[in-house]
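Q: Let me give you the structure first, and then I'll get to my questions.
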Protein chains: 2
Amino acid sequence: MATKTMQDLLIEDLRDIYHAEKQIARALPKLAKAVQSETLRQAFEQHVEETKGQIERLEQVFEELDTRTRGKHCDAMEGLISEAREILEMGLEPEVQDAALVAAAQKIEHYEIASYGTLHAYATACGLEKVAQLLEETLNEEKSTDQKLNKLAIGDINKKALAVSGKKAA
Amino acid sequence: MATKTMQDLLIEDLRDIYHAEKQIARALPKLAKAVQSETLRQAFEQHVEETKGQIERLEQVFEELDTRTRGKHCDAMEGLISEAREILEMGLEPEVQDAALVAAAQKIEHYEIASYGTLHAYATACGLEKVAQLLEETLNEEKSTDQKLNKLAIGDINKKALAVSGKKAA
């Protein structure tokens, strides 16, 4: 029995998100390159840097917990990234592809928001204040990235995608 | 080229979430049976019913768009549900398992929140008011389910999981 206590569960889930973050750090630069909108590409590139910081923060958490830093294959993130990659194979107009890529990125963000939300709650319940604080920092970053992507999508990306659609449909 | 315009993208994503909802409707009753906490089980069972309503709402959306109702395999939801199922194989104490199941359910909710958020934005951009309104109804339900699960987790489920952990650790 590998997992028994709440703290074991916390460690299991930390390993899941650690692997998920590593997958994101590998996949996101490729997605960023495919982006047409300058603002969106910058947002993706900025999140690559942020992700690297979040990976380091997780390593700090493992250290705090006196546990070996390692990942555990995250099926859900594999599925999310595979869906994002498929977008590049769909032969979309660049503006429509941008709209699809923001959506895929927001799904990834929401996985992270749910994960870090849970991890923060576990750490708080276990009375691990320092760990909870580190996880909350990342949680807030993920929420803010999602809000930024949302603004980009509603403000500009979807409108450009629609404009191209109109021309094609006409 | 199957997908070209914004509305095609909307339809593609509707098929993805339609398949995802069907997967949830099949998987959730099994997860509900494994739950120890009466309140949490009720929340899961209620969400099974809600999911059925959301599937019908999607069918209504397909009708509004004059498009055949069909799903498209959703890899991400497959991964999320596979992670939830794995919890049942971990040999956890029932209270700790409950904490893990709430977390898995919240990840599923967040996938749906991201999906319906995007779908709502697409429909709004395309000027499809009725469709946007239907999607917003589901979006609000998913947000409210996530908040309810969050309250249960922080309020009671995690505390019970911790109490059992304490006994086992002692």
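Q: In nm, what does the list of distances from B:GLU59 to its counterparts in the other copies look like, shortest first, when each label sits 7 Å along Cα to Cβ?
A: 5.3
Q: Per DSSP helix of 4 or more residues, -39500 (n - 2.57); summed, then divided by the residues of chain B. What does that give at 222 nm, rounded to the nearest 500?
A: Value at 222 nm, helices only: -28000 deg cm²/dmol.
Q: Can you list, shortest first and in nm, the gaps between the label point of B:LYS22 and those of its counterparts in the other copies, using a point 7 Å from Cα in the C-beta direction?
A: Counterpart label points of B:LYS22 in the remaining copies fall at 3.5 nm.
Q: Counting only trypsin sites (Lys or Arg not before Pro) that are in a DSSP loop and have at most 13 other C-beta atoms within 10 Å, tell me the longest site-free stretch of chain A.
A: Answer from the scan: A:71-170.
Q: What part of the accessible area of chain A, given as a whole %, is carbon or sulfur when the probe is 1.4 angstrom?
A: In chain A, the share of accessible area belonging to carbon and sulfur is 47 percent.
Q: How much accessible area per residue does chain B have, counting only protein heavy atoms and a probe of 1.4 Å, in square angstrom?
A: 44 Å²
Q: Kirkwood Rh over Cα pairs of region B:1-105 into Stokes-Einstein at 4 °C, 1.567 mPa s: D in µm²/s? Please list the in-between numbers first.
A: Numbers: Rh = 15.1 Å.
The diffusion coefficient I find is 86 µm²/s.
Q: Find the centroid of the Cα atoms in region B:104-143 and in region A:9-34, then give the distance between the two in whole Å.
A: Measuring centre to centre over Cα atoms gives 25 Å.
Q: Using only the alpha-carbon atoms, what does region A:87-143 span along each of its principal axes? Please give whole angstrom values in decreasing order.
A: Here the spans come out as 50, 14, 11 Å, largest first.
Q: Expressed as a rounded percentage, what relative contact order does region A:6-164 have, with Cα pairs under 8 Å and six or more residues apart?
A: Working: 163 pairs, mean separation 48.0, N = 159.
Dividing the mean separation by the residue count of region A:6-164 yields 30 percent.
Q: Which log10 I(q)/I(0) values does the protein assembly as shown give at q = 0.07, 0.15 Å⁻¹ under the Debye formula, counting every alpha carbon as one identical point scatterer?
A: Evaluating at q = 0.07, 0.15 Å⁻¹ gives log10 I(q)/I(0) of -0.28, -1.24.
Q: Can you pick out the pairs among B:LYS107/B:LYS143; A:LYS4/B:LYS22; A:LYS4/B:LYS159; B:LYS52/B:LYS148; A:LYS30/A:LYS148 whose Cα atoms lie more than 23 Å from each other?
A: From B:LYS107/B:LYS143; A:LYS4/B:LYS22; A:LYS4/B:LYS159; B:LYS52/B:LYS148; A:LYS30/A:LYS148, over 23 Å: A:LYS4/B:LYS22.
Q: Taking just the C-alpha trace of region A:70-170, give me its Rg and Dmax in Å.
A: 17.4, 61
Q: Using a label point 7 Å beyond Cα on the Cα-Cβ vector, give me the inter-copy distances for A:ILE154 in nanometres, one decimal, shortest first.
A: 2.3
The values are calculated or read from the model by the stated rules, or taken from the named source; none is laboratory data. Quick caveat: nothing in here was measured; it's all calculated off a predicted structure. Here Cβ is always computed from backbone atoms with ideal geometry, including for glycine, and neighbour counts include all displayed protein chains. Heavy atoms of the whole protein, side chains included, go into the accessibility calculation; ligands, DNA and RNA do not. Shrake-Rupley method; radii C 1.70, N 1.55, O 1.52, S 1.80 Å.
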